[in-house]
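Trainee: Below you will find the structure I want to go over with you.
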Amino acid sequence: MTAAPVRLGLRENAAQFGLLVAVNAFVGAMVGLERSTLPLIGQEDFGLGSSAAVLSFIVAFGLAKALTNLAAGAFAARAGRRRLLIAGWVVALPVPLLVAAAPSWGWIVAANALLGVNQGLAWSMTVVMKIDLVGPRRRGLALGLNESAGYGGVALAAGVAGWLAASLGARDVLAAAGAVVAVGGLLLSVLFVRDTAAHVVLEQAAHDPAGDRLPLRAMFADATYREPALRSCSQAGLVNNLNDALAWGLVPLFLAAHGAGVAEIGVVAAVYPAVWSVAQIGTGHWSDRVGRKPLIVAGMWIQAAALALLAASDGAIGAAAGAAAVLGLGTALVYPTLIAAISDAVAPVARAPVVGIYRFGRDAGYVAGGLLAGATADALGYGGAIALVAGLTAASGAWVARDLPGGRAARAADRVIGATALPAGRPGP
């Protein structure tokens, strides 16, 4: 029986694309289970009095995820996307066991380091594989659907975990639900996901059949400081995850300090990723039509306004939920658009390593956010920490407005950083 021909496009690869959407919902759920409960477990089960100590789990998560993103991007072509995806789920299996059995907070921190490896491998590969499948024309839509599924999983798991934890105990909920999600994600990946290496070869042939990747060191320099299109996106990604670390680790403590219960905190923790999830389906597609820059700049400034509103809310649940919704809208404008902008600027053969470099820098924002938010909250209080991060987010948006090339969405055929030779075609902006 002859194998089906390899074709690029969302419709042409709908079944495999849809499967990867489902897998990424499982990936997001692994993190969402912790969003409304784990900071409170640190205070209530382990007696942690310092915000910096509580947020140490986010620092471990961010460091492990950032380094794994870098490695996954570098080895994706050599090891295969599917193998790395499966490896990510294998690493996730011990996480619920460690949470359930933890005699000290150090075990929780170790579990979150493994969770960071899981996210770095599994989420990175679902992102890259979807980009591989659809080709350049509908990249923003593909990334919007991917991130929507992932953060839909985050939102649903955060809301359900907060609701169940109010009556069943937070650690029991995390352990049981985490085991179900990890096993489910592993089975889907092993049984049904196919690798996308042939799609990369097909797209690269349309660019430059003889082209090859630059060394990783050169691509790292391009992605972090040398190329304006990449460096502006990289810093925005880092700041975006810095404020996400604050939303994950500090907001539950902020609300609890003002008398909110676990179920109420779960609602606020779910609103933010829920709005983010639903809205970015449209924002990803929108960026394909109007360009990446306007959405990124607007999104960073909307995030800053939402954090300022949260800082001024005094922990009132209604105001906090409204701020969370606005924060989700701003993040929806930014999150898929940044990865699409990165992918626009690199050759297909360099896509996985450059996206890995971007995600390395972006997820270093969890480390920076956990350290900065924890230390600032201990020194200035929760409101002061939130206001500081709001200011940094506004400054990041200004950086993008100044540094990122404008115009309509660049196509991969127009601009190919990360390859040894430029393809034929018109020059980029």
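Trainee: What ranking do 65-74, 355-364 get when scored by the average of other Cβ atoms within 10 Å per residue, highest first?
Mentor: 355-364, 65-74
Trainee: Shifting gears a bit: Rounded to the nearest 10 degrees, what's the angle between the helix 105-134 long axis and the longest principal axis of the chain, both from Cα atoms, 0 to 90?
Mentor: So the inclination is approximately 30 degrees.
Trainee: What are the residues whose amide H is under 5 Å from the amide H of residue 346, where those residues sit 5 or more places off or on another chain and H is modelled from the backbone?
Mentor: Residues meeting the amide H criterion: 417.
Trainee: With θ taken as phi - 60° and the coefficients 6.51, -1.76 and 1.60, list the Karplus ³J(HN,Hα) couplings across segment 63-68 in order, rounded to whole Hz; mark glycine and proline as x.
Mentor: 5, 5, 5, 4, 5, 5
Trainee: If I fit a long axis through the Cα atoms of helix 382-403 and take the longest principal axis of the Cα atoms of the chain, what angle between them do I get, 0 to 90°, rounded to 10?
Mentor: Relative to the chain, helix 382-403 is tipped by roughly 10 degrees.
Trainee: Another question, if that's okay. Using the Karplus curve 6.51 cos²θ - 1.76 cosθ + 1.60 with θ = phi - 60°, what ³J(HN,Hα) values do you get for each residue of segment 24-31, in whole Hz, with x for Gly and Pro?
Mentor: 5, 4, 5, 4, x, 4, 4, 7
Trainee: What ranking do 217-225, 341-349 get when scored by the average of other Cβ atoms within 10 Å per residue, highest first?
Mentor: 341-349, 217-225
Trainee: Would you mind checking the radius of gyration and Dmax of segment 15-133 based on alpha-carbon positions, in Å?
Mentor: Cα radius of gyration and Dmax of segment 15-133 are 15.3, 49 Å respectively.
Trainee: I've got another one for you. Taking the chain as the reference, fit the longest principal axis to its C-alpha atoms, fit the long axis of helix 197-207 to the helix C-alpha atoms, and give the angle between the two in degrees, 0 to 90, nearest 10.
Mentor: 50
Trainee: Provide the descending list of Cα extents for the chain along its principal axes, expressed in whole angstroms.
Mentor: 62, 50, 34
Trainee: Follow-up question, since we're still on this one. Hey, what did the chain get for relative contact order, percent, Cα under 8 Å, at least 6 apart?
Mentor: Once normalised by length, the contact order is 26 percent.
Trainee: Less than 13 Å Cβ to Cβ from residue 166, Lys/Arg counted +1 and Asp/Glu -1: what total charge do the surrounding residues give?
Mentor: Value of the local net charge: -3.
Trainee: Order these peptides, 374-384, 139-149, 119-129, by their mean beta-carbon neighbour count within 10 angstrom, highest first.
Mentor: Peptide ranking by packing, descending: 119-129, 139-149, 374-384.
Trainee: Charges on Cβ only, +1 for Lys and Arg, -1 for Asp and Glu, centred on the Cα centroid of the chain; of 90, 5, 16, which one is farthest towards the dipole's positive end?
Mentor: 5
Trainee: Please get the size of the charge dipole for segment 164-297, origin at its Cα centre, with Cβ charges of +1 on Lys and Arg and -1 on Asp and Glu, quoted in debye to the nearest 20.
Mentor: Computed about the Cα centre, the dipole is about 200 debye.
Here, each number is a calculation from the coordinates, and none is a lab measurement. The structure presented is a predicted model; accordingly, all values stated were derived computationally and were not measured. Heads up, the Cβs are rebuilt from the backbone with ideal geometry, glycines too, and the neighbour counts pull from every protein chain shown.
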